[in-house]
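S.K.: This is the structure I have questions about; it appears just below.
What follows draws every value from the coordinates through simple rules; no lab data is involved. Nothing here was measured: the structure is a model prediction, and the numbers come from that model. Every residue, glycine as well, gets a Cβ built from its backbone with ideal geometry; the counts of neighbours run over all protein chains shown.
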Amino acid sequence: MGVPADPNRHASQPSAGPPANDDEPRLLLKLTPGTPLGDHYDTLADRFRPVFARIAEGAAERDALRRLPIEQVGWLNAERFGALRLPVEDGGYGASLIDSFRLLIELAEADSQVAHLLRAHIAFVEQILVHPDDAVRTKWIERIAAGQLVGNAYAERGGNRMGTWNTQLNVTPYGVTVTGQKYYCTGTIFADWTVVAAANPSAPGRHLAVVSTHHSSVSMYDDWDGFGQQLTGTGSTVFDEVPVDTLFGPAEQPHFPESSVFQLVLLSVQAGIARAILADARAAVQARTRAFNTGTGVALRDEPQVLQLIGEISASAFAAESVVLAAVGEVEGLFGQDALTPEETYTACELVANRAQSAVQPVVLAAASKLFDGLGASSTSTASNYDRHWRNARTIATHNPAIYRARIIGDYEVNGTPPATHDSAGEAPSSYVYPVNNPI
């Protein structure tokens, strides 16, 4: 089933340690306060850009050699990048949602795979910030502030009916455990914890069990076989009676539009890829001295059609980032609006994410192809690895296919139908095979 993840994978991920405890107990804030610094984004960017630059240095080579970015994740953990959204007084950076996504786009430009593997962690942090239970919120904010990461183990590869899970909880005299096998476990190989979607035989609905990835009964495999985003740890994880640290039952899960956050992370990665395409195309044109015999005979950097192509790629990168940040800004504005019901918030956030996905993906994929149009056959060299941009963008675009998103938008616009909520993918009811009785 693939090669097990290195059991010492966390050795290169230094922890910043837990935040200092105040003398007096203090109630942690539910929401990030306003920006406490003058120009908060520039301050944050100045802190993380040197790390992003180090990550960018070996990105193409890591992709070509399929070398997991364990060391690079460790660099981010050392700076507690995963604590961006936590309030400053709770050990975080107090970043707004839109500023944290701006940084994520910059990280994705450096390495789209490193940004992508943080997807589950980013969504989990948003859920914790609004969780109504003070004890749960305090415990997890302290862990996140210490540099710990959270992964994802929601999906199952097949055999489960839609809205159900083969992975099961088991209530024992010693506590709750979880057993099952998951796939598409993005980020879990790099994380300290992972969130497992499971069924409870004694209670209906989706249950989310948070377990330690360091437990001996957790087996992680780097067996993701997609042609893109190969370094995100999007493979299998097997749980064998693993103790559950925190359990969120259906009634305990805050009504939070998590799917829109998950999707906006992917779109931010797409925007970062577009920026990387522009950077590679620009550098290649600037360095090229040879001219095409079918061109105008001038250096490539002066060739009008090549300059037009670079301009189009630049416009695509600008458009992708602008749409993503506009969508993030809308979603951030919807968080915590008392005037909206949870259902209305969910609908609004889903529509924003769906519209953004429908707009961004074709623009980025087109830019990834245009890169080759102006550089000729030499640009297809595996040494350059320019094709990674298209492979990675195309792979991300397959997540929750855009055709469904566009249909959901159209159904809402024409018929007022709100986006449906499905707790899990699975075998569709129409695909069930029932025995046929043929009486003699």
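S.K.: Going highest first, how would you order 283-295, 212-224, 73-85, 389-401 by mean Cβ packing within 10 Å? Mind dumping the intermediate values first?
M.R.: Working: 283-295: 12.3, 212-224: 17.3, 73-85: 21.8, 389-401: 20.0.
Going from most to least packed, we get 73-85, 389-401, 212-224, 283-295.
S.K.: Considering only C-alpha atoms, what is the centroid distance from the stretch 68-85 to the stretch 277-356, in Å?
M.R.: A separation of 25 Å, based on Cα centres.
S.K.: Ignoring solvent entirely, what values of log10 I(q)/I(0) come out of the Debye formula for the stretch 258-415 at 0.17 Å⁻¹ when each Cα is a single scatterer?
M.R.: Ignoring solvent entirely, the Cα scatterers give -0.93.
S.K.: Something else now. The stretch 108-186: Rg/Rh from Cα coordinates, Kirkwood Rh?
M.R.: 1.03
S.K.: May I pose another question? With the radius of gyration and the Kirkwood radius both derived from the Cα set of the chain, what is their ratio Rg to Rh?
M.R.: Details: Rg = 22.9 Å, Rh = 23.1 Å.
Over the Cα atoms of the chain, Rg/Rh equals 0.99.
S.K.: Can you give me the angle between helix 119-129 and the longest principal axis of the chain, using Cα atoms only, in degrees from 0 to 90, rounded to the nearest 10?
M.R.: Once rounded, one gets 50 degrees.
S.K.: Now a separate question. How big is the stretch 168-248 on each of its three principal axes, counting only the C-alpha atoms and giving the largest first in Å?
M.R.: 43, 25, 17
S.K.: Follow-up. Hey, what number do you get for the chain at 222 nm if only DSSP H runs of n ≥ 4 count, each worth -39500 (n - 2.57), divided across all residues, to the nearest 500?
M.R.: Using -39500 (n - 2.57) per qualifying helix, the result is -14500 deg cm²/dmol.
S.K.: Separate question: For the stretch 40-148, would you read off the P(r) tail past 20 Å as a percentage of all alpha carbon pairs?
M.R.: Of all Cα-Cα distances in the stretch 40-148, 39 percent exceed 20 Å.
S.K.: Please compute P(r) over all alpha-carbon pairs of the stretch 369-421, binned at 5 Å starting from zero, and give each bin as a whole-number percent.
M.R.: With a bin width of 5 Å, the distribution comes to 4, 16, 17, 13, 10, 10, 10, 8, 7, 5, 0.
S.K.: Could you give the length gained on full extension between residue 312 and residue 78, defined as 0.36 nm per residue of separation minus the Cα-Cα distance, in nm?
M.R.: Contour length minus Cα-Cα distance gives 80.5 nm.
S.K.: Evaluate Rg over Rh across the stretch 220-337, taking Cα atoms for both radii and Kirkwood's formula for Rh.
M.R.: 1.19
S.K.: Size of the dipole of the chain about the Cα centre, Lys and Arg at +1 and Asp and Glu at -1 on the beta carbon, nothing else charged, in debye to 20?
M.R.: Here the chain has a charge dipole of around 1200 debye.
S.K.: Could I ask something else about it? Quick one: which of 40-53, 177-190 comes out on top by average Cβ neighbours within 10 Å, and what's the full order, highest first?
M.R.: 177-190, 40-53
S.K.: Here's something else I'd like to know. What FRET efficiency, computed as 1/(1 + (r/R0)^6) with R0 = 35 Å and r the Cβ-Cβ distance, is obtained for residue 65 and residue 302, rounded to the nearest 0.05?
M.R.: Plugging the Cβ-Cβ distance into 1/(1 + (r/R0)^6) gives 0.45.
S.K.: What order do you get for 329-341, 107-119, 90-102 when each peptide is scored by the mean count of other beta carbon atoms within 10 Å, highest first?
M.R.: Top to bottom by mean Cβ count within 10 Å: 107-119, 90-102, 329-341.
S.K.: Taking a spot 7 Å from the Cα of residue 417 along the direction of its beta carbon, which residues of the stretch 151-187 have an amide N less than 20 Å from it?
M.R.: From the stretch 151-187, the list is 162-163.
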